[in-house]
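Inspection log for the structure reproduced underneath, given as structure tokens.
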Amino acid sequence: MAKERCRLCGQSKPKRTCKVKGNIRICPVCCSKLRSDGCIGCTYYEASVRYHSEKSEKPQRERHFITPINPEIDEECDRILSLIDSGQLSRGEKMMNELFEKHPDYHTVLYGMGVCNVLQDKFEEAIEFFKRAIAIFPYLTEAHFNMAMAYIKLGDIAGVVRGFREVIRVGGNEELVSEARRRLADLERTVMELNGFSLNTYLNNSDTFDKAFAALEKREFMSAINLFKRVLATDPKHVQSWGNLGLAYASIGERGKALECLDKALELDPEYEIAAVNRIGIEKMGEGEPLEWEMDSVNYYRDYKGKGKKSYISETIRNLMK
């Protein structure tokens, strides 16, 4: 079955419906070339107006950070993405890298680099490219959407929610907005069923946890303790908060409370290896003796949980034996 092509240029993949051309399907490049006052009411036109309005309102000293719209680069980028979409991945990636070397700060090129990284399962790298693209052109709906999808692969629910909410806020692509709404609704139901609280509460807890962990890294232990407790007040089953709260208590010499917290983490998840490893060291402490440790920032549920033979304990033992 032949793939649908833009009804105007006949080359690129159509991603938009043009109302002024009788609702035919056209590509983003043709859309930008056609755009005029006759497009008032179209979501793409409104996004473009917002972009140029914000651009003109920026202080003079910031204008050099804004990349101008260049239809030729947009067209080349779209052509490369069409090649990739047709299955010519290696060729497309090579061409995108060459385009990136020429235009390292152009938003659609950065978006294209993000797509290439996603296809190589390099999700963290992809997210960084999407962020750079959005920083230059905030109304690039596709970048927000693909960033949210990359966050799904990393298991970062907060990132997923923020990404999809930006898709809805920015608009410009009815299909992506509809899909973002559907996924957020599904996520809202799932979070409520599993945790008994809303998605907004989940996001607030995620922000609080990040602040608590940052305080722990900076050895601001009382601040970390208060913040981890704030998370646990609304989500008493948050394993990572129990584990890190135990580490914070140990750091101020409260051995008993530290062990209680680690035991709670292991009760909730017996396979939470980080708590098991930390418990061994804390057990050897005397009450009132602060734990001496070096921070090892690990996302256990992303990097170890459900990864088959990959084990945090095994890696820790190997590192100690080096």
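Can you tell which of GLY87, GLY114, GLY92 is under 15 Å from the mean Cα position of the chain (by Cα), assigned by TED's automatic domain parsing to the domain that holds GLY155 and small (Gly, Ala, Ser)? Answer to the check: GLY114. Just one of (1) at pLDDT 90 or above; (2) more than 28 Å from GLU174 (Cα to Cα) fails for ARG61. It is (1). Is it the case that GLY243 is outside the structural domain of LYS19 (by TED's automatic domain parsing), loosely packed, with under 15 Cβ neighbours inside 10 Å and in a helix (DSSP H, G or I)? Here the answer is no, as GLY243 does not meet what is asked. For the range 193-202, the criterion of being among the β-branched types (Val, Ile, Thr) and buried (at least 16 other Cβ atoms within 10 Å of the Cβ) is satisfied by no residue at all.
Remark: SER86 matches the filter, which requires a residue to be closer than 21 Å to CYS30 by Cα, hydroxyl-bearing (Ser, Thr, Tyr) and surrounded by fewer than 18 Cβ atoms within 10 Å (Cβ to Cβ). All told, ARG302 falls short of being charged (D, E, K, R), closer than 25 Å to THR201 by Cβ and modelled with pLDDT of 95 or more.
Here's the yes/no breakdown for (1) assigned to a helix (DSSP H, G or I); (2) touching a residue at least 12 places away in the same chain (Cβ under 8 Å); (3) of a type in the set (A, V, I, L, M):
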position: LYS211; (1), (2), (3): yes, yes, no
position: ALA215; (1), (2), (3): yes, yes, yes
position: ARG219; (1), (2), (3): no, yes, no
position: ILE225; (1), (2), (3): yes, yes, yes
position: ALA258; (1), (2), (3): yes, yes, yes
position: PRO270; (1), (2), (3): no, no, no
position: ILE274; (1), (2), (3): yes, yes, yes
position: GLY281; (1), (2), (3): yes, yes, no
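The values are calculated or read from the model by the stated rules, or taken from the named source; none is laboratory data. Computed from a predicted model, the values in this text were never measured in an experiment. Positions of Cβ are backbone-derived with ideal geometry, glycine not excepted, and every protein chain shown enters the neighbour counts.
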